[in-house]
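A.B. asks: What follows is a structure written as structure tokens; I'll ask about it next.
The values are calculated or read from the model by the stated rules, or taken from the named source; none is laboratory data. Bear in mind the structure is a predicted one, so any value in this text is a computation, not a measurement. All Cβ positions, glycine included, derive from the backbone under ideal geometry; neighbour counts span all protein chains shown.
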């Protein structure tokens, strides 16, 4: 341990990322050896009977495929706008069993995976997008209160921390941009950020104090399910859709044991098969993994500070996100973003020993004072990445189906906007949002295999190199110019 308290430290950390020595040891592996391989958030839900699977042929006005955040927000908005509308939700597993209950529970106002990503891609619209994002965030918080959803929502703000010298000026620029757009963003120096959270790695921090909170995502999605049911939405779980097709003036979704015929359909399938073949080239299923500690004792919690309980992310291309739960566990996720050849998605990929080893090692590097803490849960799953790193929209099947896909991250908040905007597109309702290029323009598609896998793996390699050197390099700069600017 170096004089500054870092595990396995060498002087390369003075000029580069502290994760260079990210090879886990036996203690790192032991820390998660007995961890339950499922999302901790699901454990916090009360037991309930699942909704029946679809075992009949139904007719309805609006069919929503996908019972996560996007689908349930869309269902709820649809009934708010037209209570007489017959709305059916088909979910392949349990509502929220996908990315909606596997994420870190970071509720952020941004619709574009951060203001800098949005400004780079939509410079003429970013002011409007930021305003719509903040309005969406405020309305989401109001909806949680209005529907009585016990989502453990804490408006703590978020911290972005620099753990390498080249990340400090990046935080300074980010603070300037956020302040320019009216956000309360405070730049913290080395001593200030270490006073907030006690880690020997921190060199600077940026505290976004507006439009950011932490939630229990599984409780949020369950609350949306309850609100949708109370509004009259009909929900079928364990009913994966095998085929979606045009039928007369509407659409028909075929499951293993039934079918739904609807005037209109809305796809909210995240990283799963979007059912419209032309959309598959825009989505790359990227696997993200997380660990959850046992509850910290009072002494352990005091050793890390964190009295204001902000959600935290470090500033690398390969980054970690972490936060406290309501019972003072630490969720520690991210870093590896795993793409497998062909983009398979399935429960057999949710457990990745090598990634959990690196996460465990890096956790104790960040918090050496917590040596000996055990992880009780480990989990992973696919997120729907697109080349612009934020949700995209459109219509398919002759305009009978609309979709909102490709969130990549920060979908806890953006999914409300996504569900509502997809519904507006489907109903051909002209709004300020539907007029934006942000909504009207699709991202650059990914190339087909085997080129897709080669490009993604090369990009991951170059992002890691950029974390070491602080320079984006020729490959990443070329992708920037092509509109494929991978930056997280």
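A.B. asks: So how many residues does region 438-488 have that are assigned to a loop (DSSP other than H, G, I, E, B), crowded, with 18+ Cβ neighbours inside 10 Å and modelled with pLDDT of 80 or more?
C.D. replies: The number of residues fulfilling the criteria is 2.
A.B. asks: Of the conditions (1) out of contact with any helix residue (DSSP H, G or I) (no Cβ under 8 Å at 6 or more places or on another chain); (2) closer than 23 Å to residue 384 by Cβ; (3) at pLDDT 95 or above; (4) in the same structural domain as residue 371 (by TED's automatic domain parsing), residue 291 clears all except one; give me its number.
C.D. replies: (1)
A.B. asks: Mind telling me which of the residues 107, 140 ends up being within 23 Å of residue 315 (Cα to Cα) and in contact (Cβ under 8 Å) with a residue 12 or more places away in the chain?
C.D. replies: 107
Residue-by-condition table, conditions (1) buried (at least 21 other Cβ atoms within 10 Å of the Cβ); (2) at pLDDT 95 or above; (3) more than 25 Å from the chain's Cα centre (by Cα):
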residue: 179; (1), (2), (3): no, yes, no
residue: 185; (1), (2), (3): yes, yes, no
residue: 190; (1), (2), (3): no, yes, yes
residue: 195; (1), (2), (3): no, yes, yes
residue: 198; (1), (2), (3): no, yes, yes
residue: 207; (1), (2), (3): yes, yes, no
residue: 210; (1), (2), (3): no, yes, no
residue: 213; (1), (2), (3): yes, yes, no
residue: 216; (1), (2), (3): yes, yes, no
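A.B. asks: Tell me whether region 335-345 contains one or more residues that are closer than 23 Å to residue 208 by Cβ and within 16 Å of the chain's Cα centre (by Cα).
C.D. replies: The answer is yes, given that some residue of region 335-345 is closer than 23 Å to residue 208 by Cβ and within 16 Å of the chain's Cα centre (by Cα).
A.B. asks: Does region 287-308 hold any residues that are surrounded by fewer than 22 Cβ atoms within 10 Å (Cβ to Cβ), at negative phi and in a strand (DSSP E or B), and which are they?
C.D. replies: The answer is 287, and nothing else.
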